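Below is one structure, written out as structure tokens, with a few remarks after it.
The values are calculated or read from the model by the stated rules, or taken from the named source; none is laboratory data. Keep in mind the model is a prediction, meaning the values are calculated, not measured. Using ideal geometry, Cβ is built from the backbone for each residue, glycine included, and neighbour counts are taken over all protein chains shown.
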Amino acid sequence: MDTDVFFFLECSTRWEEKTLPSIPPHRRALITRFCQDTPRSRPQLIRRPSRLKRDGRDDVFYIAVTKPGHEHVLEFDLRDTPLGSIHLERALAGEHPKARRVTEPLHFVCTHGKRDRCCALYGMEVFNAMIDESPETVWQTSHLGGHRFAATSLSLPHGYAYGRLSAADGRELVRAHRYGELGPLKKLRGRTCYSSKAQVVEIALRERHGETTPDALRFVGEEGDRVTFRVGVGVDQLPVESIVGPDRMKSCGKAPEPLVSLRAR
């Protein structure tokens, strides 16, 4: 995903295939500008069941920064702080006076059926399981990428993505993050602020060293096919290779095509 900053906008109206066209017109231009002014950023739509909505209005907006050492999530109430009044630079620095700094982990499950029906089919089951575990911290979200990994989710503040989740995996994930741990490593897809190669190596090194806390590994560098992380007081690295697998559908309804994946050696 290669994303450092997320903009999450509550939107209960119909979601089209693409995110930006689904945003109500009176907010679309501002979200577009935020993304244009913020490198490596991504807009996401979010929603929750009506029984959990605040006053029945779409008034929640999160700005999440996932860069290592600078992780934070700010929550804005759009009833009191319209999008146009948000000072973006201050928010990205985590210092905005109109925002609540979120201290609990947040989880976003892709249920974007208009983009890929598998995300709705599998995502809703996982979302329902996770929201039963933690009603205040779980949201449905628009496309996260990687349809073939449905059900997929994203956890903040560190920006760890998960895929092929079951309902049981979702419950385990919520409980783990609540206590400062990652969810099941076998379902971890990587940290979005890292390159694809670094994501693959981080997961492999976590499995090698048995490290399950978010800050246990720190990215050092990437050179050629080798990626290095700091693990504890030392460093470790692994090379990455590309593997061409059998033809598979990347998304529901699409023609199968050769699947190229990365593997740490």
Please verify whether A150 is assigned by TED's automatic domain parsing to the domain that holds T32, without any contact (Cβ under 8 Å) to a residue 60 or more places away in the chain and surrounded by 24 or more Cβ atoms within 10 Å (Cβ to Cβ), treating the condition exactly as stated.
yes
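Each row is one residue, and each column tells you yes or no for (1) small (G, A, S); (2) farther than 17 Å from I31 by Cβ.
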position	(1), (2)
T81	no, no
S85	yes, no
G94	yes, yes
P97	no, yes
R100	no, yes
E104	no, yes
F108	no, no
K114	no, yes
Taking the residues in region 1-25 that are touching a residue at least 40 places away in the same chain (Cβ under 8 Å) and outside any loop (DSSP other than H, G, I, E, B) as candidates, determine which candidate is nearest to the chain's Cα centre (by Cα).
F6
Which one is farthest from G145 (Cα to Cα), of the residues in region 160-178 that are crowded, with 21+ Cβ neighbours inside 10 Å and among the hydroxyl-bearing types (S, T, Y)?
Y160
Which condition from (1) farther than 30 Å from S50 by Cβ; (2) more than 17 Å from the chain's Cα centre (by Cα) is the one that E71 breaks?
(2)
Over region 192-218, the set of residues outside any helix (DSSP H, G or I), in contact (Cβ under 8 Å) with a residue 12 or more places away in the chain and surrounded by fewer than 17 Cβ atoms within 10 Å (Cβ to Cβ) is S195, T212, T213, R218
The correct count of residues that are closer than 18 Å to S50 by Cβ and buried (at least 22 other Cβ atoms within 10 Å of the Cβ) in region 111-122 is 1
For region 179-188, check the following and say yes or no: at least one residue is basic (K, R), at pLDDT 95 or above and buried (at least 21 other Cβ atoms within 10 Å of the Cβ).
yes
Among the listed residues P135, P157, which satisfies the condition of being under 17 Å from R48 (Cα atoms), in contact (Cβ under 8 Å) with a residue 40 or more places away in the chain, assigned by TED's automatic domain parsing to the domain that holds T66 and surrounded by fewer than 22 Cβ atoms within 10 Å (Cβ to Cβ)?
P135
Restricting attention to region 87-118, which residues are over 24 Å from A129 (Cβ atoms), without any contact (Cβ under 8 Å) to a residue 40 or more places away in the chain and not charged (D, E, K, R)?
H87, A91, A93, G94, H96, P97, A99
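Kindly provide the set of residues from region 26-83 that are assigned to a strand (DSSP E or B) and β-branched (V, I, T), ordered by number.
Hits for region 26-83 are I46, V60, I63, V65, V73.
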Please tell me if R164 is more than 25 Å from R40 (Cβ to Cβ), of a type outside the set (F, W, Y) and not assigned by TED's automatic domain parsing to the domain that holds V65.
no
Unique residue being loosely packed, with under 13 Cβ neighbours inside 10 Å, touching a strand residue (DSSP E or B) at 6+ places or on another chain (Cβ under 7 Å), in a strand (DSSP E or B) and modelled with pLDDT of 95 or more when the list is G245, G221
G221
